[in-house]
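Colleague: First the structure, which I've put down as structure tokens, then a few questions once you've had a look.
The values are calculated or read from the model by the stated rules, or taken from the named source; none is laboratory data. All of these numbers come straight from a predicted model, not from anything done at the bench. Note that each Cβ is placed from the backbone with ideal geometry, even for glycine, and that neighbours are counted across all protein chains shown.
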């Protein structure tokens, strides 16, 4: 069995100490061993700060962008092999594997392009020179300079490629070295990608370190110029954010956590319309893609009361067509969950949901004799405001159908019971309805996605995270923010006001 | 003796329960009693969220700006009375009192103007519409909408007027109701101002609440849409930031804390130049204004080794001319510290500093028989990197003179030992020296202030916080950010990406 390696202090270090086993979730066979025992994490942080940081900061945005393009190319070159690794180690269908890997390539390529656009600068200007004195002679200007620490990225297991590269792209382009920690269940793919990055891309020494396994006492050694970005559960997010050393040193922490993403059908939508078809397709995709292990997956579906039964029947019929099985099989539309513990949690979640509503399809029963499979599951709520459906994210192909009156404000009030989400989608051809709804849910969401017949044919699914748009959400979703073009760099930069002679400021 | 009142739930509530006494720091005579016992803080937050929030959000930026202009006018109308209250209750000289009160008026007026400029909108757009689909038909846009909670402001005692109004101006303009908690030692002035605001300005009910005294269990009742902004010590800042309820709900927290602000003299500056004169003047002002109780006060003065003795002599001579005494006396240039506990802390700090360096003037000895007075104190360090001078802020008229080689990078390295600051100033006519220094200290500072002969005549002192420029700093300084024109509103807003039909986005 393979021992996965970490890449720290400029060298590969095989798993050591107490080892965890990475398992093929389809066949429940062991694939590799993971462990970070023996790594001196204080030295790893110092290495990033002292070697990687200065080297990255000396590069221009265009040069950093080229490095990102190099990473994208290295991944693209081995795309087929990586897809196979994803199918085997993540239980992803070929489509799911492409979604993750192409997501990584796309995001890297986008930020490579942004680097090219930002050109020969090494730091950013933030706004214009503003007059402060009696005349413009004494003025002020804001700059955004790279922070002098290490960006520690604690990634989720669900997107070993995209999740890691989305964070790394922003940090590296901003000029900060990274320390990546992939989620353990799917670490095999992250490790293969890390090997490509180290072998094929001429990154500065110390700019890209990867720990496969536990981060040990890393958090105890982080300082005021380091940053921590985490994607995962709210509970772990809170533990990290409240870590005494991070609190003491005001270390910046970005959390992207649970999100009970909602899809809302407005009362004006004709069942024969393009928008209605899009609604059904998107809901089924966002429930079942990656076996529902997607931070932007649909968890709540709001439908006007009088349309509830017909929508339920349509969804049940569509979900029945989802073939659940070995992801290596071409007919399979949905693979297993990524790990045994995820399976246990999803099953328990379905059982709790079934107590508060009516199971329309799926359930917690085993699907196959082997593998961490669960059936696409739809629960129908009696009352749209039933608290059980607004406080718990079941991280699998599980959603609840909630009735509401059809009123945009009522829909928003129900959606907002989720306590903060990453994305909320609405389907309406009534612009006034859409605007009211969007502005009512906006304070509680990082992203609002609006469908109508006018854009249905071109629109990308709401579950798709685009580098141009911010990703993150308030409250339960972690209170963080990533991506959003140049906005995604700000977390890795210090914004500093500079005041002085106008002629001098203009040379910055 | 007066009982100070809180203004909560739409009514005045006199101090009750265990009372603290507010004392005139010059004569050590009691002025009033403070206490917030009996206030239902959960209800206060709910009142802000349910009454103040919706009413403020319904107003346009221009209308909110008019409210700020109204507050500025109400303060201005009673400026002379307020100055007297400041002198008596804060121990401020007339100049110091004006600095605080006019700072409040100026900041309110600036944000009133920004509101007028933002006009008839009720929320902000953030960047342009960007194409996401094959054609611009499917596009994305970012908006910044007011958060649906209460902005809780824990203000410092040193700027009862400016500090409170700087935070309130940004929150109210963004569309969030505030709950202000002034620092207790100088709460008399904050209370008088709050009375003017409530009596003279037609603010929506619930938009402006003030608690004079402890915040009780407020933090336990804050939710994901509330925000907390704090100005004060690093230790209290860390306690607030790590508060379990705030961590659990991902409540946004902004901290502005300790800062060992440095002033650096470059080796090129001629002692006869305008820049050298400005250096001496600014250092003396930023040491002694508000008796050194200013978050932007100069704590460290870096001077090339060969100029150390002459600069020391000049500063000692200038500090000797600072008359310390009753601030009501026109000849007085520096009043007492604000409270007995501040006096004790500053004296202890001076004694610790004296052990690591040489006292050039001042010291911890009592200045007058009555009152919380301390002498302007200058300590000379043997070694510029002596750790004692880079880890502790003594919050009084106390600074240390540190030798360095004259090299810009060495100066920056020494300054950065402070672990993160609010502002750093440098005096040089060598543009290359200034740029190198500015970019080296920028990651560790919220603001860098550069003097040269070219702007000396017009420049405002580095200790002056301007609404156009961000205020805050990384690390020890709290990791927060305030003001900076429109930037100051972002903390009170949720940035949300909206994706949909281009024609629809253009109507937002």
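Colleague: Report whether or not residue A:396 is in the same structural domain as residue A:344 (by TED's automatic domain parsing), touching a strand residue (DSSP E or B) at 6+ places or on another chain (Cβ under 6 Å) and within 25 Å of residue A:281 (Cβ to Cβ).
Modeller: So residue A:396 fails the test.
Colleague: Looking at this structure, is residue A:232 at pLDDT 95 or above, on the phi > 0 side of the Ramachandran plot and away from chain B (no Cβ under 11 Å)?
Modeller: no
Colleague: For the list (1) surrounded by fewer than 24 Cβ atoms within 10 Å (Cβ to Cβ); (2) modelled with pLDDT under 95; (3) in a loop (DSSP other than H, G, I, E, B); (4) in contact with a helix residue (DSSP H, G or I) (Cβ under 6 Å, 6 or more places away or on another chain), I need the number of the one condition that residue B:271 fails.
Modeller: (4)
Colleague: Name the residue that is surrounded by the fewest Cβ atoms within 10 Å (Cβ to Cβ), counting only residues in the range B:459-470 that are within 7 Å of chain A (Cβ to nearest Cβ) and part of a loop (DSSP other than H, G, I, E, B).
Modeller: B:460
Colleague: If the requirement is being assigned to a loop (DSSP other than H, G, I, E, B), at the interface with chain B (Cβ under 10 Å from one of its Cβ atoms) and in contact (Cβ under 8 Å) with a residue 40 or more places away in the chain, which of these qualifies: A:473, A:396?
Modeller: Of A:473, A:396, the one residue that is assigned to a loop (DSSP other than H, G, I, E, B), at the interface with chain B (Cβ under 10 Å from one of its Cβ atoms) and in contact (Cβ under 8 Å) with a residue 40 or more places away in the chain is A:473.
Colleague: For the range A:412-440, give me the residue count where each residue is at negative phi and touching a residue at least 60 places away in the same chain (Cβ under 8 Å).
Modeller: 16
Yes/no per residue for (1) over 12 Å from the mean Cα position of the chain (by Cα); (2) more than 9 Å from chain A (Cβ to nearest Cβ); (3) in contact (Cβ under 8 Å) with a residue 24 or more places away in the chain:
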site: B:135; (1), (2), (3): yes, no, no
site: B:142; (1), (2), (3): yes, no, yes
site: B:151; (1), (2), (3): yes, yes, yes
site: B:157; (1), (2), (3): no, yes, yes
site: B:164; (1), (2), (3): no, yes, yes
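Colleague: Further, regarding this structure: Going by what's in this entry, would residue A:406 be described as at positive phi, surrounded by fewer than 21 Cβ atoms within 10 Å (Cβ to Cβ) and touching a strand residue (DSSP E or B) at 6+ places or on another chain (Cβ under 6 Å)?
Modeller: Yes; evaluated as a whole, the condition is true for this residue.
Colleague: Spot the failing condition for residue A:447; the list is (1) at negative phi; (2) more than 7 Å from chain B (Cβ to nearest Cβ); (3) buried (at least 21 other Cβ atoms within 10 Å of the Cβ), and only one is missed.
Modeller: (2)
Colleague: Additional query: Residues that are surrounded by fewer than 18 Cβ atoms within 10 Å (Cβ to Cβ): which strands (runs of 3 or more DSSP E) entirely in the range B:116-156 hold 3 or more of them?
Modeller: Passing ranges, in order: B:124-131.
Colleague: Going by the conditions given, is residue A:377 more than 29 Å from residue A:269 (Cβ to Cβ) and in contact (Cβ under 8 Å) with a residue 24 or more places away in the chain?
Modeller: Answer is no for this residue.
Colleague: Let me ask something additional. All but one of (1) under 30 Å from residue A:484 (Cβ atoms); (2) touching a strand residue (DSSP E or B) at 6+ places or on another chain (Cβ under 6 Å) hold for residue B:156, so report the exception by its number.
Modeller: It is condition (1) that residue B:156 fails.
Quick grid of which residues meet (1) under 30 Å from residue A:460 (Cα atoms); (2) under 16 Å from the mean Cα position of the chain (by Cα):
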{"position": "B:460", "(1), (2)": "no, no"}
{"position": "B:465", "(1), (2)": "no, yes"}
{"position": "B:469", "(1), (2)": "no, yes"}
{"position": "B:479", "(1), (2)": "no, yes"}
{"position": "B:482", "(1), (2)": "no, yes"}
{"position": "B:488", "(1), (2)": "no, yes"}
{"position": "B:494", "(1), (2)": "yes, no"}
{"position": "B:497", "(1), (2)": "yes, no"}
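Colleague: Condition first: at the interface with chain B (Cβ under 10 Å from one of its Cβ atoms) and in a helix (DSSP H, G or I). Now tell me which residues in the range A:235-249 satisfy that.
Modeller: Those that are at the interface with chain B (Cβ under 10 Å from one of its Cβ atoms) and in a helix (DSSP H, G or I): A:235, A:237, A:238, A:239, A:240, A:241, A:244, A:246, A:247, A:248.
Colleague: Pick from B:219, B:215: which is outside any helix (DSSP H, G or I), in contact with a strand residue (DSSP E or B) (Cβ under 8 Å, 6 or more places away or on another chain) and surrounded by fewer than 24 Cβ atoms within 10 Å (Cβ to Cβ)?
Modeller: B:215
Results for (1) within 22 Å of residue B:471 (Cβ to Cβ); (2) free of Cβ contacts under 8 Å to residues at least 40 places away in the same chain; (3) out of contact with any helix residue (DSSP H, G or I) (no Cβ under 7 Å at 6 or more places or on another chain); (4) not assigned by TED's automatic domain parsing to the domain that holds residue B:37, shown as yes or no for each residue.
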| site | (1), (2), (3), (4) |
| --- | --- |
| B:170 | yes, no, no, no |
| B:174 | yes, no, no, no |
| B:182 | yes, yes, no, no |
| B:186 | yes, no, no, no |
| B:193 | yes, no, no, no |
| B:198 | no, no, yes, no |
| B:201 | no, no, no, no |
| B:204 | no, no, no, no |
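Colleague: While we're here: As an exercise: evaluate residue B:425 against (1) in contact with a helix residue (DSSP H, G or I) (Cβ under 6 Å, 6 or more places away or on another chain); (2) surrounded by 21 or more Cβ atoms within 10 Å (Cβ to Cβ); (3) more than 30 Å from residue A:437 (Cβ to Cβ) and give the number of the one condition it does not meet.
Modeller: (1)
Colleague: In the list A:232, A:292, A:335, which residue meets the criterion of being touching a strand residue (DSSP E or B) at 6+ places or on another chain (Cβ under 9 Å), under 17 Å from residue A:183 (Cβ atoms) and not assigned by TED's automatic domain parsing to the domain that holds residue A:435?
Modeller: Of the residues listed, the single one that is touching a strand residue (DSSP E or B) at 6+ places or on another chain (Cβ under 9 Å), under 17 Å from residue A:183 (Cβ atoms) and not assigned by TED's automatic domain parsing to the domain that holds residue A:435 is A:232.
Colleague: Next up: Can you tell me which of (1) within 23 Å of the chain's Cα centre (by Cα); (2) crowded, with 22+ Cβ neighbours inside 10 Å; (3) closer than 24 Å to residue B:170 by Cβ is the one residue B:110 doesn't meet?
Modeller: Just one mismatch for residue B:110, condition (2).
Colleague: Out of the residues in the range B:347-362 that are part of a helix (DSSP H, G or I) and in contact with a helix residue (DSSP H, G or I) (Cβ under 8 Å, 6 or more places away or on another chain), state the one that is nearest to residue B:382 (Cα to Cα).
Modeller: B:356
Colleague: Quick check on my filter: what residues within the range B:430-442 are surrounded by 24 or more Cβ atoms within 10 Å (Cβ to Cβ) and facing chain A (nearest Cβ under 7 Å)?
Modeller: B:434, B:438, B:442
Colleague: Of these, B:50, B:28, B:77, B:63, which one is on the phi > 0 side of the Ramachandran plot and at pLDDT 95 or above?
Modeller: From the options B:50, B:28, B:77, B:63, the qualifying one is B:28.
Colleague: Right, next: Give just the number: which of (1) over 20 Å from residue A:165 (Cα atoms); (2) assigned to a strand (DSSP E or B) does residue A:230 not satisfy?
Modeller: Failing condition for residue A:230: (1).
Colleague: If you don't mind, another one. I'd like to verify a number: residues in the range B:481-507 that are buried (at least 21 other Cβ atoms within 10 Å of the Cβ), under 21 Å from residue B:231 (Cβ atoms) and within 8 Å of another protein chain (Cβ to nearest Cβ), how many?
Modeller: Number of matching residues: 2.
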